[in-house]
Amino acid sequence: MTKSKIFWAGMAFVSLGVMGLAGYSVYERLSLHFSGDSLEVRPSPVPLPKEDAAAEKAAPAAPAPEAETKPATAPAAPEAAQEKVKAVKKVFEYKDAKARSVSIAGSFSSWKEVAMAKKSGVWKIEIYILPGTYPYHFTVDGKKKLDPGKPKAPTGDSLVNVVSLN
């Protein structure tokens with residue numbers, strides 16, 4: 001009888017431990033989600049400092065002398081190196097005259113679906129996006145659809161590459 005009590009007490013202790021770990025994992029993911037941090041990894045554009053950009057336009061093929069090279073660890077002046085990156089208007093289109101509702105969701109919208117408008121049999125939307133590469137998909141009548149002709153991400157979504165107009 002005592003062996004049975006010890007066994008069940010051990011099982012209860014192990015179950016509590018597993019539930020505690022699972023709860024902590026859920027807590028970490030939810031706190032990251034609700035804090036506004038992004039779970040996605042994408043490169044952020046870093047503009048060249050103004051002096052380097054002007055030198056590169058003047059003589060792109062000329063090698064720099066060894067004495068003038070800057071060490072890689074030297075921080076650039078924040079005001080000179082950090083230019084504001086402007087969002088670019090990107091038009092998304094989905095051609096399906098029979099669709100009753102079409103929306104788009106992507107990392108640029110935090111995977112929230114944004115409804116598209118039907119104009120002349122083509123579903124369109126204009127979204128302002130910062131330059132970068134973003135995964136996205138369409139939701140057509142409740143079903144996930146990819147953008148034909150666009151490259152595919154390993155996650156199974158379509159990819160859009162947004163470039164700066166500067």
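The values are calculated or read from the model by the stated rules, or taken from the named source; none is laboratory data. Fair warning: this is a prediction, and the values are worked out from it, not measured in the lab. Reconstructed Cβ throughout: ideal geometry from the backbone, glycine too, with neighbour counts over all protein chains shown.
Residues are listed down the side, and each one gets a yes or a no for (1) part of a strand (DSSP E or B); (2) modelled with pLDDT under 85; (3) surrounded by 16 or more Cβ atoms within 10 Å (Cβ to Cβ):
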position	(1), (2), (3)
Val85	no, yes, no
Val91	yes, no, no
Ala97	no, yes, no
Ala105	yes, no, yes
Lys112	no, no, no
Ile125	yes, no, yes
Tyr134	yes, no, yes
Phe138	yes, no, yes
Asn166	no, yes, no
Restricting attention to the range 115-135, the residues that are within 16 Å of Lys89 (Cα to Cα) and under 16 Å from the mean Cα position of the chain (by Cα) number exactly 8
Any chance the range 76-83 includes a residue that's over 15 Å from the mean Cα position of the chain (by Cα), modelled with pLDDT under 90, among the acidic types (Asp, Glu) and exposed (fewer than 15 other Cβ atoms within 10 Å of the Cβ)? yes
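Determine whether Val140 is under 27 Å from Lys98 (Cα atoms) and within 12 Å of the chain's Cα centre (by Cα).
When the stated conditions are applied, Val140 does not pass them.
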